[in-house]
Amino acid sequence: MISIILIYFGIVEKGFEVPTIILLFLCGLFFFTFIEYLMHRYLYHLPVTNPKREKFVYTMHGVHHDFPKDKDRLAMPPVLSLILATIFFVIYRSVMGDYAFGFLAGFLMGYTAYLGVHYSVHAFKVPNNFLRILWHHHSIHHYREPDKAFGVSSPLWDMIFKTMPRKSLLEQQATH
Ligand SMILES: [Zn+2]
Ligand SMILES: [Zn+2]
């Protein structure tokens, strides 16, 4: 929803050409998958060294690993997401000026897609098409190798940063 407003604003108010907006949108989308990977790998799975940190990590993500089927804990509270979106907008605006409109639209769309994928992975059965790779990928992260397979919306960054789960596990999963 916000993405649509941003795109509209970028085209109508800021006079961007449609191809430019699309390009920015795709960059933002792509950039989100990267941030998603980094956040999940380094922030949500922060090594616990003191009680304060432990509490933070647990509230942010540990609780999801303990209760992966609890649908109420799958997403951040909307208010928090809105605050974060605003912060990202301010950052992108100061770095890339008006380009931020298309870029943030893609970025937020990436976030929405991530939420959708993550929710589906936990709430629905494994689909019988190419998307099933996402189901397997994330369930390996949950149940087999929590230090691998951090990408939720795509395994791309796991491939790049070599945190793909072991092949044998993937094949094992695939036969289920
Ligand atoms: Zn995790
Ligand atoms: Zn999960």
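The values are calculated or read from the model by the stated rules, or taken from the named source; none is laboratory data. Please read all numbers here as calculations on a predicted model, not as lab measurements. Here Cβ is always computed from backbone atoms with ideal geometry, including for glycine, and neighbour counts include all displayed protein chains. SASA here: full protein model, heavy atoms, side chains in, ligands and nucleic acids out. Shrake-Rupley method; radii C 1.70, N 1.55, O 1.52, S 1.80 Å.
Before moving on, here are some points about what is shown:
- Residue match in segment 52-62 (condition: outside any helix (DSSP H, G or I), closer than 30 Å to residue 124 by Cβ and open to solvent by less than 90 Å² (accessible area, probe 1.4 Å)): no
- Among the residues listed as 62, 116, 97, the single one being free of Cβ contacts under 8 Å to residues at least 24 places away in the same chain and at positive phi: 97
- Evaluation of residue 35 against (1) under 18 Å from the mean Cα position of the chain (by Cα); (2) open to solvent by 50 Å² or more (accessible area, probe 1.4 Å) (one fails), failing number: (2)
- Matching residues in segment 7-59 - criterion: being touching a residue at least 60 places away in the same chain (Cβ under 8 Å), more than 20 Å from residue 97 (Cβ to Cβ) and among the hydroxyl-bearing types (Ser, Thr, Tyr): 33, 37
- Where residue 10 falls short, out of the listed (1) under 22 Å from residue 115 (Cβ atoms); (2) at pLDDT below 85; (3) small (Gly, Ala, Ser): (1)
- Restricting segment 7-19 to residues that are in contact with a Gly (Cβ under 7 Å, 6 or more places away or on another chain) and part of a helix (DSSP H, G or I), the residue that is least open to solvent (accessible area, probe 1.4 Å): 10
- Complete set of residues in segment 30-62 that are within 16 Å of ligand 2 (Cβ to nearest atom) and among the aliphatic types (A, V, I, L, M): 39, 43, 57, 60
- Within segment 42-72, being aromatic (Phe, Trp, Tyr) and more than 19 Å from residue 141 (Cβ to Cβ) holds for one residue alone: 56.
- Whichever residue in segment 39-51 is of a type in the set (A, V, I, L, M, F, W, C) and surrounded by 14 or more Cβ atoms within 10 Å (Cβ to Cβ) and, among such residues, is modelled with the highest pLDDT: 39
- Filter result for residue 114 (modelled with pLDDT of 90 or more and in contact with a Ser or Thr (Cβ under 6 Å, 6 or more places away or on another chain)): yes
- Matching helices (runs of 4 or more DSSP H) fully within segment 63-144 where at least 1 residues are under 17 Å from residue 35 (Cα atoms), open to solvent by 30 Å² or more (accessible area, probe 1.4 Å) and within 13 Å of ligand 2 (Cβ to nearest atom): 100-123
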